[in-house]
Amino acid sequence: MSFRNRIAAAAVGLSALAAPLGAGAAEFVNILTGGTSGVYYPMGVAISKIYSEAMPDARVQVQSTKASVENLNLLQQGNGELGFSLGDSVKLAAEGNADAGFSAPLDKLRGIAAIYPNYIQIVASEESGITTLADLAGKSVSVGAPKSGTELNARAILDAAGMSYDDLGKVEYLPFAESVELMKNRQLDATLQSAGLGVASLKDLSSSIPITVVSVPAEVSEALGDPYVAGEIPAGTYEGQDEAVSTVAVINYLVTSDAVSDDDAYVMAKSIFDNLDDLKAAHAAANAIDVLNALQGMPIPVHPGAQRYYDEVGVSAE
């Protein structure tokens with residue numbers, strides 16, 4: 001997918017002038033991720049190793065969660081220092097959307113960085129006969145854990161396509177790995193997973209049974225609007241997927257809270273972009289992370305410490 005507001009790449013070299021890492025390091029850094037078969041978790045593990053080096057006085061740990069919505073609520077409550085979240089979840093959290101799982105506006109959230117896009121990936125067993133969104137009617141479909149970022153995406157996609165959960169034969173609210181196991185056992189027709197390309201759960205599924213990757217038409221992307229954009233799942237992303245498949249995507253963000261100090265937030269942002277090769281080694285989704293896009297579409301205020309880093313490297317939201 002394309003991003004606007006590109007900044008001259010030469011500006012990135014200014015990061016060498018930044019303050020030493022480790023200054024004012026937190027005593028404890030809890031990284032809130034998602035299910036272990038998704039992308040957030042392995043990426044979080046990689047970030048934990050980076051932070052352990054960059055913040056040597058801090059105890060860094062990774063927590064597996066139900067992902068976006070839970071992560072944002074935990075950050076608001078002071079039960080985490082960094083969390084992964086989908087952009088639409090961040091926006092709804094700032095607004096206090098109760099239907100999405102936020103009882104009041106989460107006013108303590110602060111942005112660290114826009115990272116990679118999540119692709120809405122709808123995968124059906126070949127024997128289900130599902131080839132289009134409309135074919136999901138009357139079928140059993142897993143839409144992700146209740147009120148997770150994935151489940152919010154599922155509601156939005158179906159609504160934009162003129163459908164709802166009522167049109168499905170059976171709705172399961174399951175994490176990625178559990179959805180895949182049910183499909184392997186012929187107890188589920190399809191799964192909707194919002195994740196980076198090549199997510200482990202769907203790789204596992206495609207290597208176990210014949211699958212169909214279901215297209216999300218461009219008109220659905222247009223109906224959804226911001227923060228969704230048109231995307232594509234390249235041919236060969238999953239076994240048996242011989243052609244590129246159109247879908248929609250939404251940007252993921254690393255989020256912190258206003259309880260984190262400016263120095264700590266500075267280190268959090270800087271060390272991410274200074275160690276991108278480590279993130280790319282952890283998961284291919286990290287190939288889309290670029291400091292030039294770090295403030296792209298940020299739905300909440302950027303943490304002042306992170307902003308200091310972006311000022312130094314010449315990156316802005318303009």
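The values are calculated or read from the model by the stated rules, or taken from the named source; none is laboratory data. Computed from a predicted model, the values in this text were never measured in an experiment. All Cβ positions, even for glycine, are placed from backbone atoms using ideal geometry, and neighbour counts span all protein chains on display.
Quick notes
- Positions within region 131-160 being aliphatic (A, V, I, L, M) and either free of Cβ contacts under 8 Å to residues at least 12 places away in the same chain or crowded, with 17+ Cβ neighbours inside 10 Å (or both), in sequence order: LEU133, LEU136, VAL141, VAL143, ALA145, LEU152, ALA154, ALA156, ILE157, LEU158, ALA160
- Qualifying residue in region 161-177 (condition: touching a residue at least 24 places away in the same chain (Cβ under 8 Å), surrounded by fewer than 22 Cβ atoms within 10 Å (Cβ to Cβ), out of contact with any Ser or Thr (no Cβ under 9 Å at 6 or more places or on another chain) and outside any helix (DSSP H, G or I)): yes
- Matching option when the condition is part of a loop (DSSP other than H, G, I, E, B), hydrophobic (A, V, I, L, M, F, W, C) and touching a Ser or Thr at 6+ places or on another chain (Cβ under 8 Å), among LEU205, LEU197: LEU197
- Top-ranked residue in region 75-101 [being buried (at least 18 other Cβ atoms within 10 Å of the Cβ) and among the aliphatic types (A, V, I, L, M); ranked as farthest from SER148 (Cα to Cα)]: LEU82
- In this structure, LEU72 does satisfy being buried (at least 16 other Cβ atoms within 10 Å of the Cβ) and closer than 18 Å to ASN153 by Cβ.
- Qualifying residue in region 34-41 (condition: at pLDDT 95 or above and among the aliphatic types (A, V, I, L, M)): no
- Condition met for LEU133 (over 19 Å from the mean Cα position of the chain (by Cα) and modelled with pLDDT of 95 or more): yes
- Criterion violated by ALA104 - all others in (1) of a type in the set (A, V, I, L, M, F, W, C); (2) surrounded by 15 or more Cβ atoms within 10 Å (Cβ to Cβ); (3) modelled with pLDDT of 95 or more satisfied: (2)
- In region 208-242, the qualifying residues are those that are assigned to a loop (DSSP other than H, G, I, E, B) and small (Gly, Ala, Ser), and the one that is modelled with the lowest pLDDT is GLY225.
For (1) of a type in the set (D, E, K, R); (2) within 27 Å of SER85 (Cα to Cα); (3) modelled with pLDDT of 95 or more, each residue gets a yes or a no:
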residue: ALA156; (1), (2), (3): no, yes, no
residue: ALA161; (1), (2), (3): no, yes, yes
residue: ASP167; (1), (2), (3): yes, no, yes
residue: VAL171; (1), (2), (3): no, yes, yes
residue: GLU181; (1), (2), (3): yes, yes, yes
residue: GLN193; (1), (2), (3): no, yes, yes
